[in-house]
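Student: Below you will find the structure I want to go over with you.
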Amino acid sequence: MDLTISQISIPNPYFESPTNVFLIRSSQSPPVLIDTGISTEESFSLLRRELAKHSCSLKDIAVVLLTHKHIDHSGLARAIQDESGAVVYVHSDDWTDVALFEERHERVSQLYLEAMRRWGIPEEVIVQVGHFRSRFAGLGRSVPTAQKISDGQILRFGEVELHVLHTPGHTQGSVCFLLGEKLFAGDHLLPTYTSNVGATDVTTDGHLEKFLASLKRILELPNAERLEIYPGHGQPWTDPRPRITKIFKHHYERTDRILKILSDGQALTAFEIAQKLFGRLKDYHVLLGAGEVYAHLEVLESQGRICQSEPNRFALRT
Ligand SMILES: [Zn+2]
Ligand SMILES: [Zn+2]
């Protein structure tokens, strides 16, 4: 099969690193895009220009596959669909937040507000984070016709055949797409920093346990050592095993540090622990830090190692 994969990088001013968009082409198949970019004029025209460099026009895009619902991956799906008629696919657990992105904005803001209170973020900080989050409202658009996909499904476009692997954790509907020995991993598996777990989806809970189980699934794929990983951010690489081992270690170490912080006997909120772990947090990082700590606290509580001495204040179990 004469398959070509092109990596297109779409920067944005809101998150740390540019999003990778992958264009999959073969002579026997319609062009397939994996992920998009935030919904701004700049990123849309950049995508158009970048596709042209690969002799592809936006109008040719027949399929858009989304690894998850976040706006830096899903934002442009609607604009692409409007121009080309592309069919957009997303996992059923992330479907609502993609299909009804604009309609859901209020509700998701409310869920974040409740989560930030659960995490012990002070009200004045919640207001600041709220201002920051409100800027995201215009960076995505609803895709009501998006098609729901599920684990184990095989998507066939001409001779291109992608297997859907549901990998919840970073978001509940996060998926990887397996094409032969190429794995399009979205934010589930990144080369340099660990993807946030806990703060990036407030529609469900128990993210850390799910995330680690989903990483284990990648390790257990046949010929895992030969897999080429195409991540949502950063450069592709081969053999995910050392990176996954490192991520596991990172999370175990963080759990240990949290237990150590709690060992002086004080009952603390996720936010207070996050400040001890990461120092002073600003803007979105307050959310990411506290949410991630909370995800660890959920696991420790389910293991019976800590308990809530009062709602949302955690202490070692004695
Ligand atoms: Zn993400
Ligand atoms: Zn991302």
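None of the figures in this text is laboratory data; all of them are computed from the coordinates on show. Computed from a prediction, not measured in an experiment: that's the story for all the values here. Virtual Cβ from ideal backbone geometry, glycine too; neighbours counted across all protein chains shown.
Student: Run the paramagnetic zone check for Ala267: 7 angstrom along Cα to Cβ, then residues of the stretch 275-318 with backbone nitrogen under 13 Å.
Tutor: Under cut-off, by backbone N: 307-318.
Student: Regarding the stretch 1-123, what is the average projected area of its C-alpha convex hull, in nm²? Display every interim value, and only then the final one.
Tutor: Working: hull surface 36.1 nm².
With every direction weighted equally, the projected area is 9.0 nm².
Student: Between the stretch 38-83 and the stretch 239-260, what is the separation of their alpha carbon centroids in Å?
Tutor: Taking the Cα centre of each part, the stretch 38-83 and the stretch 239-260 sit 34 Å apart.
Student: Here's something else I'd like to know. Quick one: which of Lys69/Lys210; Lys216/Lys249; Lys69/Lys249 span more than 20 angstrom between C-alpha atoms? The partial results should precede the final answer.
Tutor: Details: Lys69/Lys210 17 Å; Lys216/Lys249 13 Å; Lys69/Lys249 27 Å.
The pairs that break the limit, which is 20 Å between Cα atoms, are Lys69/Lys249.
Student: How high is the FRET efficiency between Glu103 and Thr204 when r is their beta carbon distance and R₀ equals 22 Å, given to the nearest 0.05? All intermediate terms of the calculation are to be shown ahead of the outcome.
Tutor: Values: r = 19 Å, r/R0 = 0.88.
Working from the Cβ atoms, E equals 0.70.
Student: To continue, here is another question. Size of the dipole of the chain about the Cα centre, Lys and Arg at +1 and Asp and Glu at -1 on the beta carbon, nothing else charged, in debye to 20? It would help to have the intermediate numbers written out before the result.
Tutor: Working: 34 positive and 40 negative charges, 100 e Å.
In debye, rounded to 20, the chain gives about 480.
Student: Ok, one more. Counting pairs of alpha carbon atoms under 8 Å apart in space and at least six apart in sequence, what relative contact order in percent does the stretch 185-300 give? Working shown, then result.
Tutor: Details: 124 pairs, mean separation 39.1, N = 116.
Relative CO of the stretch 185-300 lands at 34 percent.
Student: In the stretch 124-169, which GluC sites (Glu not before Pro) fall in coil by DSSP and have 14 or fewer other Cβ atoms within 10 Å?
Tutor: Numbers: sites: Glu124, Glu159, Glu161; in loops: Glu159.
Counting only loop positions with at most 14 other Cβ atoms within 10 Å, the GluC sites (Glu not before Pro) in the stretch 124-169 are Glu159.
Student: Bins of 5 Å, beginning at zero and ending with the bin holding the largest distance: percent of Cα pairs per bin for the stretch 188-318, please.
Tutor: 2, 10, 19, 21, 18, 13, 9, 5, 3, 1
Student: I've got another one for you. How high is the relative contact order of the stretch 53-158, in percent, with contacts defined as C-alpha pairs under 8 Å that are six or more residues apart? Before the final figure, lay out each step's value.
Tutor: Details: 117 pairs, mean separation 37.0, N = 106.
Once normalised by length, the contact order is 35 percent.
Student: Using the Cα centre as the reference, give the magnitude of the dipole from point charges on the C-beta atoms of the stretch 142-285 (Lys, Arg: +1; Asp, Glu: -1; all else neutral), rounded to the nearest 20 debye.
Tutor: The dipole magnitude comes to about 320 debye.
Student: Can you list the DSSP H helices in the chain whose Cα atoms extend at least 20 Å along the helix axis and whose mean Kyte-Doolittle hydropathy is -0.5 or higher?
Tutor: Values: long enough: 101-118 (25 Å, -1.25); 241-262 (32 Å, -0.86); 284-302 (27 Å, 0.54).
What comes out of the filter, once short or polar helices are dropped, is 284-302.
Student: Among Phe248, Ala267, Phe211, which residue has its Cα positioned farthest towards the positive end of the charge dipole of the stretch 207-299, with +1 placed on the Cβ of Lys and Arg, -1 on the Cβ of Asp and Glu, and the dipole taken about the Cα centre?
Tutor: Selected residue: Phe248.
Student: Calculate the dipole size of the stretch 1-126 relative to its Cα centre from +1 charges on Lys and Arg beta carbons and -1 charges on Asp and Glu beta carbons; express the result in debye to the nearest 20.
Tutor: Values: 11 positive and 19 negative charges, 73 e Å.
Value, rounded to 20: 340 debye.
Student: Once a ≥ b ≥ c are taken as the square roots of the eigenvalues of the Cα gyration tensor of the stretch 184-240, is the result rounded (a/c under 1.5), prolate (a/b larger than b/c) or oblate (a/b not larger than b/c)?
Tutor: Note, shape of the stretch 184-240 comes out oblate.
Student: Defining a contact as two alpha carbons under 8 Å apart and six or more residues distant in sequence, what relative contact order in percent does the stretch 1-101 show?
Tutor: Numbers: 189 pairs, mean separation 23.6, N = 101.
Contact order relative to length: 23 percent.
Student: Another question about this same structure. Of all DSSP beta bridges in the chain, what percent run antiparallel (nearest 5)?
Tutor: Around 70 percent of the beta bridges assigned by DSSP in the chain are antiparallel ones.
Student: Can you give the Rg/Rh ratio of the chain, where Rg is from the C-alpha atoms and Rh is the Kirkwood radius? Write down the numbers at each step before the final one.
Tutor: Numbers: Rg = 19.9 Å, Rh = 20.2 Å.
In the chain, Rg relative to Rh is 0.98.
Student: When the helices in the chain are scored as -39500 (n - 2.57) per DSSP H run of 4 or longer and the sum is shared across all residues, what 222 nm value do you end up with, to the nearest 500 deg cm²/dmol?
Tutor: -12500 deg cm²/dmol
Student: If you add up the charges near Leu162, with Lys and Arg at +1 and Asp and Glu at -1, over every other residue whose beta carbon is less than 10 angstrom from its beta carbon, what do you get?
Tutor: Spelling it out: positives minus negatives among the neighbours equals +1.
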